[in-house]
Amino acid sequence: MISVRTITEISDLREAVQLQKTIWGFEDLELLPVRLFVVAHKVGGQTMGAFDGDRLVGFLIAVPGIKPDGTHYLHSNMMGVLAGYRNLGAGRQLKLAQREEALERGIDMIEWTFDPLELKNAFFNMQRLGAVVERYVLNQYGVTSSHLHGGLPTDRCIASWHLRSDRVAKIVAGEPLAPVDAVERIEVPNDIGAIRRDCPAEAKNIQASISGRFLEYLRRGLYVAGVERGETHGAYLFAKRT
């Protein structure tokens with residue numbers, strides 16, 4: 001039975017730092033340190049953990065932000081779940097607890113970044129949580145030491161989670177979403193991890209092509225309203241703003 005709660009004890013925060021090494025293989029220089037978790041909690045952010053009994057199996061950290069128009073929101077810096085718990089709902093429990101805590105404080109928006117090449121994450125963010133993509137950033141974090149990134153630039157989608165929207169409310173309640181009236185789509189291979197490992201040049205070309213099309217479609221005023229998954233490929237579905 002997975003439980004989720006806010007974590008503030010130094011021992012738990014240290015374990016969250018260790019999970020970063022286990023999950024992503026980051027070198028020490030790229031780890032979010034304990035002091036950042038402490039500060040995030042004290043200045044109005046969030047530090048949450050998912051536990052299997054007494055064992056920390058997942059975590060998230062978010063910091064407060066202010067939009068140019070003065071709107072307050074949370075930027076979710078990082079969420080990670082151990083491999084053996086990713087299909088047990090631990091990640092969704094963390095995100096729903098994050099939403100509930102934010103709403104209790106009158107916060108309506110949470111944003112985070114994700115790799116557009118990782119379709120499983122994209123599907124989770126959009127179809128299981130109800131986030132949409134309205135912005136895209138090239139090489140957000142520079143080239144990292146993580147084996148999961150395969151030495152590629154860290155191009156990122158910005159997930160916008162409008163916490164009080166009808167879309168999010170329906171998904172949280174388990175209601176089906178209406179089909180997306182897609183005007184453009186971008187296909188991504190499911191096996192990008194293997195391509196990164198075995199054919200890094202091909203992975204780089206795929207990334208460059210996808211990034212170029214993302215930027216083009218977003219410049220045209222479209223946004224990503226959904227994600228489809230198939231046997232060999234998935235697709236981002238772009239729709240017009242209403």
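Each value in this text was obtained by applying a stated rule to the coordinates, not by laboratory testing. Quick caveat, the model's predicted, so the values are computed rather than measured. Please note: Cβ atoms are built from the backbone with ideal geometry, for glycine as well, and neighbour counts cover all protein chains shown.
The amide H of Val183, built 1.01 Å from its N in the peptide plane, has Phe238, Ala239, Lys240 as neighbours under 5 Å, considering only residues 5 or more places off or on other chains. Qualifying GluC sites (Glu not before Pro) in the stretch 1-60, where qualification requires a DSSP coil assignment and no more than 14 other C-beta atoms within 10 Å, comprise Glu9, Glu27.
Cβ crowding within 10 Å ranks His233, His41, His75 as His233, His75, His41, fewest other Cβ atoms first. Relative to one another, the C-alpha centroids of the stretch 158-207 and the stretch 211-225 are positioned 13 Å apart. Calculated FRET efficiency, Leu103 to Val43, Cβ-Cβ distance, R0 = 22 Å: about 0.70 to the nearest 0.05. Shape of the stretch 150-240 from the C-alpha gyration tensor: prolate (a/c of 1.5 or more and a/b above b/c, with a ≥ b ≥ c the square roots of its eigenvalues). Taking every full run of DSSP H in the chain, the ones that stretch at least 20 Å from end to end by Cα along their long axis and average -0.5 or higher on the Kyte-Doolittle scale are 10-24, 200-219. Computed extension length for Arg219-Lys120: 33.1 nm, one decimal, from 0.36 nm per residue of separation with the Cα-Cα distance subtracted. How far is the Cα center of the stretch 1-46 from the Cα center of the stretch 51-100, in Å? After rounding, the separation between the Cα centres reads 11 Å.
Cβ-Cβ distance of Lys240 and Arg197, R₀ of 45 Å, FRET efficiency by 1/(1 + (r/R0)^6): the value works out to about 0.75. Mean residue ellipticity at 222 nm, helices only, the chain: -10000 deg cm²/dmol; runs of at least 4 DSSP H residues each add -39,500 (n - 2.57), and the sum is divided by the number of residues. Take the Cα radius of gyration of the stretch 2-180 and divide it by 2.2 N^0.38 Å, N being the number of residues; the result is 1.00.
Measuring between alpha carbons in the structure, the pairs from Lys95/Lys170; Lys42/Lys95; Lys120/Lys204; Lys67/Lys170 lying more than 22 angstrom apart are Lys67/Lys170.
Residues Thr154, Thr71, Thr232 in ascending order of nearby Cβ atoms (within 10 Å, fewest first): Thr232, Thr71, Thr154. What stretch of the chain, leaving out the sites themselves, is the longest with no trypsin sites (Lys or Arg not before Pro) in a DSSP loop having at most 13 other Cβ atoms within 10 Å? Free of exposed loop sites, the longest segment is 1-104.
Take every DSSP beta bridge whose two residues both sit in the stretch 2-180; close to 95 percent of them are antiparallel.
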